[in-house]
Amino acid sequence: MSVIDEVKQRIDIVEVVSQYVKLTKSGRTFRGLCPFHSEKHPSFFVYPERQSWHCFGACNTGGDVFSFIMKKEGIDFGEALRLMAQRAGVSLPSKSEPSAKKEEKERLYQVNEAAAQYFHNLLVSSQAGEKVRSYVASRGLSPETITSFQLGFSPNSWEALKQYLMERGYTEGELLTAGLIIEGEGGGSHDRFRNRLMFPIYDVRGHITGFGARALDDSLPKYLNSPQTPVFDKSGSLYGINLAAAAIRQQNMVVIVEGYMDVITAHQNGFTNVVASMGTAVTERQVSTVKRRTKNMIFALDADAAGEEAMLRGVGYENTLEAEVKVIILPEGKDPDDVIKEDAKIWQKLLEEALPIVDYTFNMVTANLDLTTAKDKTSAVDKLLPIIAEIKDTVRQAHYLQKLARLVNVTERNLEAALPRIKPSPTRRRAEEPKPEAVAQALRPVFSSPLEEYCLALLLQHPELKALSQQPSPEYFQNSENREIFVAWQQASDLSSLKAELDPAIGEHLDYLLTKSLPPNQIEEKYADAVLRLREGFLRSLATKREAALALEAELGGTAAELAKLEEQGIEVSLQLGEVFTQKSRRVRSKGAEK
Ligand SMILES: [Zn+2]
């Protein structure tokens, strides 16, 4: 069994998706509000039996657990696989990057370093930087802080940085890849960051991966970041981690805030275990970066952000990391920066009084309820019991069950009886008790698709097939690893560039496909058949899923518009299936004629 299969066997898509989406069980499927588009009526479905998901709403797309994580966390296949492998406790072959890729990254770190040095010098010693110096002084930053965070100033010029770096031997292409310059509409290129206070963003090893930049005038956006590059990915970066890593380990605690200035002010005041998620909700990747240093996390949330979703995520992180997540809620309208500057003791006190995330959720849910009335008791149980059901640690689960029972004055036994109905236990058992190899093998057909693999193996072993006009669409491949290889194959010129392009973690699967034994002759014809069958399989599974959605919609009394939309999608699928059948019968007829 390949590592990818092993990960798939140990991960349950319902559990993974539940960390992001509040799912409700209906029949054999789960449904919820789509996390990828905004909607009021749930059209997002998860299918435990197929370990797949599908959105029948605006997205009209779906896939397996990897494609879900890739989309949700904004990461590539290799990173998603690593994240899920970690969660499943499966070790992957170590990531030995091809040397060309390594060199490119090294070069990008260098160019970022040179840019940061340039911006920093302008801030501390140029005449143009004078105004910025007084601005940062007015925000209370000391010269030592400016040096340790290597803050800088990007001048109000279209080409200053570009010229400076090109004189030092960096090419325009490298500057573009690093996101330091952007291509203009009429050709040419210019500096991305102009007239801004610059915050270099470091990784934990001290490489500069990108920049954050705050406007010094009324320019919008107020905060601008480097774009995604081979070395920078905002959702996986934590601002300040290079300076905070040691303290996080020492104090066995990390505090996660939102903004650059929050981190800087905290550090200047001696709170050196603080990092920032840089304006986004904390992602699983960010959490996994600090997890190696501590399992105690405090999220500093502003009152608006402290919604139910944040709570569910927090509980999810606790489960995956066996971590303890606490939250502090900031005073209305204030950032940590404001709080600390006003009085560091208040910040200290907030930290000391940080509440475990589940306790905080209890407070939040019950704040506006009158727990002497039956109606509000039910409402509290409806909201809190699913959260308690999520807690994996049985001791903690029992603790909160007791707390809820006391709160609504119901016996624990009654609440406990309701737990299994909320959370089906088979999925949990599967994650905890790895199956013996034999059973795992028998399960395999559920997770891999022989047809997808056959089709890909033909393509990979017979480069001449690339010239054929009838090719599958990437979405026909339901398994992310196959889809990933197919897309890379479409773009690659030959096998060696395909290998260089693909993440090493997928190498094992690629080798398997390259050595799979195939029929000796009539390759073109067999390939055309396989593509057709692949399309048919895709459409059929779509039709089945759609029918189930439609039935459910009708049962739950969906609106006419929603039903019409599903009907419309259904007609489209039937038309395409009709097309497949016509092509199939044409092929059968022409084969007959040949004989
Ligand atoms: Zn959607």
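The values are calculated or read from the model by the stated rules, or taken from the named source; none is laboratory data. What you see is a predicted model; the values in this text were computed from it and never measured. So basically every Cβ, Gly included, is an ideal-geometry build from the backbone, and we count neighbours across all protein chains shown.
Laid out as a table, the results:
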quantity	calculated
Check on Gln117, more than 16 Å from the ligand (Cβ to nearest atom), surrounded by fewer than 18 Cβ atoms within 10 Å (Cβ to Cβ) and either within 30 Å of Met166 (Cα to Cα) or not acidic (Asp, Glu) (or both)	yes
Matching option when the condition is at pLDDT below 90 and closer than 24 Å to Pro386 by Cβ, among Arg82, Arg10	Arg10
Yes/no for Val17 being touching a helix residue (DSSP H, G or I) at 6+ places or on another chain (Cβ under 7 Å), modelled with pLDDT of 85 or more, away from the ligand (no atom under 16 Å from the Cβ) and closer than 23 Å to Gly89 by Cα	no
Pair list, Cβ under 6 Å, 6 or more apart: segment 532-556 residue over 12 Å from Cys455 (Cβ atoms), other residue at pLDDT 85 or above and not aromatic (Phe, Trp, Tyr)	Lys545/His54
Filtered residue count, segment 473-486, keeping only those that are surrounded by fewer than 19 Cβ atoms within 10 Å (Cβ to Cβ) and within 21 Å of the chain's Cα centre (by Cα)	2
Matching option when the condition is farther than 30 Å from Ser496 by Cβ, in contact with a Phe, Trp or Tyr (Cβ under 6 Å, 6 or more places away or on another chain) and not small (Gly, Ala, Ser), among Tyr164, Tyr202, Tyr135	Tyr164
Residues within segment 124-156 that are surrounded by 15 or more Cβ atoms within 10 Å (Cβ to Cβ), part of a loop (DSSP other than H, G, I, E, B) and of a type in the set (Ser, Thr, Tyr), tallied	0
Top-ranked residue in segment 468-517 [being of a type in the set (Gly, Ala, Ser) and in contact with a Gly (Cβ under 7 Å, 6 or more places away or on another chain); ranked as farthest from Gln51 (Cα to Cα)]	Ala505
Filtered residues of segment 99-126 (kept if modelled with pLDDT under 90 and small (Gly, Ala, Ser))	Ser99, Ala100
Qualifying helices (runs of 4 or more DSSP H) (wholly inside segment 344-421; at least 1 residues being aromatic (Phe, Trp, Tyr), buried (at least 16 other Cβ atoms within 10 Å of the Cβ) and at pLDDT 85 or above)	344-352, 357-366, 394-408
Residues (more than 21 Å from Gly210 (Cβ to Cβ), touching a residue at least 12 places away in the same chain (Cβ under 8 Å) and among the aliphatic types (A, V, I, L, M)) located in segment 119-140	Val124, Ala128
Any hit, segment 75-86, residues being crowded, with 19+ Cβ neighbours inside 10 Å, among the β-branched types (Val, Ile, Thr) and touching a His at 6+ places or on another chain (Cβ under 9 Å)	no
Selection count, segment 36-68, where residues are within 8 Å of the ligand (Cβ to nearest atom), of a type in the set (Ser, Thr, Tyr) and surrounded by fewer than 22 Cβ atoms within 10 Å (Cβ to Cβ)	1
Qualifying residue in segment 159-169 (condition: hydroxyl-bearing (Ser, Thr, Tyr) and within 34 Å of the chain's Cα centre (by Cα))	no
Members of segment 201-224 found to be under 23 Å from Arg285 (Cβ atoms) and charged (D, E, K, R), listed by number	Asp203, Arg205
Helices (runs of 4 or more DSSP H) completely within segment 487-572 that count 2 or more residues being surrounded by 14 or more Cβ atoms within 10 Å (Cβ to Cβ) and among the aromatic types (Phe, Trp, Tyr)	523-555
Given (1) surrounded by fewer than 15 Cβ atoms within 10 Å (Cβ to Cβ); (2) modelled with pLDDT of 90 or more, number of the condition Gln470 does not satisfy	(2)
Residues satisfying the stated conditions in segment 160-204, i.e. polar (S, T, N, Q), in contact (Cβ under 8 Å) with a residue 40 or more places away in the chain and within 23 Å of Gly129 (Cβ to Cβ)	Asn195
Check on Leu197, outside any strand (DSSP E or B) and closer than 18 Å to Asn156 by Cβ	no
Any pair with Cβ under 7 angstrom, 6 or more apart, that starts in segment 33-49 at a residue that is in contact (Cβ under 8 Å) with a residue 40 or more places away in the chain and ends at one that is near the ligand (Cβ under 7 Å from one of its atoms)	Ser43/Cys34; Ser43/Cys55; Ser43/Gly57
Tabulated pairs, segment 488-502, first touching a residue at least 60 places away in the same chain (Cβ under 8 Å), second surrounded by 13 or more Cβ atoms within 10 Å (Cβ to Cβ) and not in a helix (DSSP H, G or I), C-beta under 7 angstrom, 6+ apart or interchain	Ala500/Pro98
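For (1) among the basic types (Lys, Arg); (2) crowded, with 17+ Cβ neighbours inside 10 Å; (3) touching a helix residue (DSSP H, G or I) at 6+ places or on another chain (Cβ under 8 Å), each residue gets a yes or a no:
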{"position": "Gln163", "(1), (2), (3)": "no, no, no"}
{"position": "Arg168", "(1), (2), (3)": "yes, no, yes"}
{"position": "Glu185", "(1), (2), (3)": "no, no, no"}
{"position": "Met198", "(1), (2), (3)": "no, yes, yes"}
{"position": "Tyr202", "(1), (2), (3)": "no, yes, yes"}
{"position": "Gly210", "(1), (2), (3)": "no, yes, yes"}
{"position": "Asp217", "(1), (2), (3)": "no, no, no"}
{"position": "Leu220", "(1), (2), (3)": "no, no, no"}
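A quick yes/no check of all residues on (1) surrounded by fewer than 20 Cβ atoms within 10 Å (Cβ to Cβ); (2) modelled with pLDDT of 90 or more; (3) in contact with a Lys or Arg (Cβ under 6 Å, 6 or more places away or on another chain); (4) not in a loop (DSSP other than H, G, I, E, B):
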position	(1), (2), (3), (4)
Ile264	no, yes, no, yes
His267	no, yes, no, yes
Val275	no, yes, no, yes
Ala300	no, no, no, yes
Ala303	yes, no, no, no
Glu318	no, no, no, yes
